[in-house]
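The values are calculated or read from the model by the stated rules, or taken from the named source; none is laboratory data. This structure is a prediction, so every number in the text was calculated from the model and none was measured. Because the Cβ atoms are built from the backbone with ideal geometry, glycine has one as well, and the counts that use them run over all protein chains shown. For the accessible areas, the whole protein counts, side chains as well, though only heavy atoms, and no ligand, DNA or RNA atoms are used. Shrake-Rupley method; radii C 1.70, N 1.55, O 1.52, S 1.80 Å.
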There are 2 protein chains.
Amino acid sequence: MEPELSDIVAVLERTPSVLRALLQGLPEPWLGKHEGPDAFAPREVVGHLVHGEKTDWIPRLRVILAHGAAQPFERFDRQGYRDADRVPVAVLLDELETLRRASLEALAQSGLTRADLAREGRHPELGPVTLGQLLATWAVHDLNHIGQIVRVMSAGYATAVGPWKQYLGILNR
Amino acid sequence: MEPELSDIVAVLERTPSVLRALLQGLPEPWLGKHEGPDAFAPREVVGHLVHGEKTDWIPRLRVILAHGAAQPFERFDRQGYRDADRVPVAVLLDELETLRRASLEALAQSGLTRADLAREGRHPELGPVTLGQLLATWAVHDLNHIGQIVRVMSAGYATAVGPWKQYLGILNR
């Protein structure tokens, strides 16, 4: 599948409503921490996405457009969602929706051409990357975290499903 | 996490709108088959969930309530979504929404008590199961397939993300 900017945007613009449909009004036991090594709570995931809108995707796009590979990106703070535990999930969902809309407006205003997707930037750990890779990663990062939320939610029922567990791949990875 | 019927219903009632938010109007490249061993197409997943509403969850609930463990469930046809490839995803999403609403009405009308969750049924392969396990499995089955859709979508961009692939767990399982 050859990434088209419009395909990437189609995923990015849907994520806030996907997360709202999944999480808004959900009873508290689903939103908090569960046991297990992968016990990232769903509300923390939303907080992490909020933090990414502020510090990761569009800021890095701007670095590439302004400086190319000459200026490495700022490191992304994966713990930057720290406060999310004290914020209602509905507030985080609103914040994500607002920030994502602004991000996509900024993306549209940058007027990228197909040729721009090959422009190079520099990741502080990964080295040379392209603008197209940054945008594809933004979309997959969303999908990754939707997958993480449903995985963590499922883990809370790993015992409750009884012998069906063996049929449910999400409980066996 | 001890399953409560209301917690299970909270997941079940959200799934059609989660899938609609994720898939409706999504460009075709995301909806069809991708390469790789896990190449279940997103629209087939919706077709599979539609088939489950018709033949799996509420029918099995009724078998337990009527016959207990004396009558094994019918086997579930995991390929019963076969026609989904020829049906627009918006049609499948509508069908899932309608069927799920009817399923949850049937569940509510069955007036289950907490004690009912311990009632036994018999799975044709797994043997003894409880009504509570059936309902918990229904919810995790939804989450499992949401996770499958985002995983299959992500796989289409496994190359496009370039060196970021190593940070994206969804591409490395």
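Residue A:145 meets each of the listed conditions (1) touching a His at 6+ places or on another chain (Cβ under 8 Å); (2) farther than 15 Å from residue A:42 by Cα; (3) in a helix (DSSP H, G or I) apart from (2).
For the stretch A:51-59, the condition of being more than 19 Å from residue A:145 (Cα to Cα), modelled with pLDDT of 95 or more and either open to solvent by 30 Å² or more (accessible area, probe 1.4 Å) or under 19 Å from the mean Cα position of the chain (by Cα) (or both) holds for at least one residue. Could you tell me whether any residue of the stretch A:121-137 is surrounded by fewer than 20 Cβ atoms within 10 Å (Cβ to Cβ), more than 7 Å from chain B (Cβ to nearest Cβ) and among the charged types (D, E, K, R)? Among the residues of the stretch A:121-137, at least one is surrounded by fewer than 20 Cβ atoms within 10 Å (Cβ to Cβ), more than 7 Å from chain B (Cβ to nearest Cβ) and among the charged types (D, E, K, R), which makes the answer yes. Please indicate, with yes or no, whether at least one residue in the stretch B:18-32 is under 13 Å from the mean Cα position of the chain (by Cα) and at pLDDT 90 or above. Yes: one or more hits.
Against the criterion of being in a helix (DSSP H, G or I), closer than 21 Å to residue B:30 by Cβ and open to solvent by 20 Å² or more (accessible area, probe 1.4 Å), residue A:166 does not qualify. Criterion applied to B:69, B:106 was being within 14 Å of chain A (Cβ to nearest Cβ), more than 24 Å from residue B:32 (Cβ to Cβ), in contact (Cβ under 8 Å) with a residue 40 or more places away in the chain and small (Gly, Ala, Ser), and the one residue passing it is B:69. Against the numbered list (1) surrounded by 14 or more Cβ atoms within 10 Å (Cβ to Cβ); (2) within 13 Å of chain B (Cβ to nearest Cβ); (3) within 18 Å of the chain's Cα centre (by Cα); (4) not small (Gly, Ala, Ser), residue A:75 comes up short only at (1). Selection of first residues in the stretch A:1-28 that are over 26 Å from residue A:131 (Cα atoms) and of second residues that are among the hydroxyl-bearing types (Ser, Thr, Tyr) and in a helix (DSSP H, G or I), restricted to Cβ pairs under 7 Å at least 6 apart or on distinct chains, gives the following pairs, ordered by first then second residue: A:21/B:17; A:27/B:6. Filtered by the rule that a residue be surrounded by 13 or more Cβ atoms within 10 Å (Cβ to Cβ) and in a helix (DSSP H, G or I), the stretch B:107-120 gives B:107, B:116, B:117. If the condition is being facing chain A (nearest Cβ under 7 Å), touching a residue at least 24 places away in the same chain (Cβ under 8 Å) and open to solvent by 10 Å² or more (accessible area, probe 1.4 Å), then the stretch B:138-152 contributes B:141, B:151. Taking each residue of the stretch A:111-125 that is without any contact (Cβ under 8 Å) to a residue 60 or more places away in the chain and looking for partners that are polar (S, T, N, Q) and open to solvent by 70 Å² or more (accessible area, probe 1.4 Å) with beta-carbon atoms closer than 8 Å, six or more apart or interchain, yields A:122/A:71. Comparison of B:135, B:96 shows that the only residue that is touching a Pro at 6+ places or on another chain (Cβ under 8 Å), within 21 Å of residue A:166 (Cα to Cα) and at pLDDT 95 or above is B:135. When the stretch A:153-163 is filtered for residues that are among the hydroxyl-bearing types (Ser, Thr, Tyr) and open to solvent by 30 Å² or more (accessible area, probe 1.4 Å), only A:159 remains.
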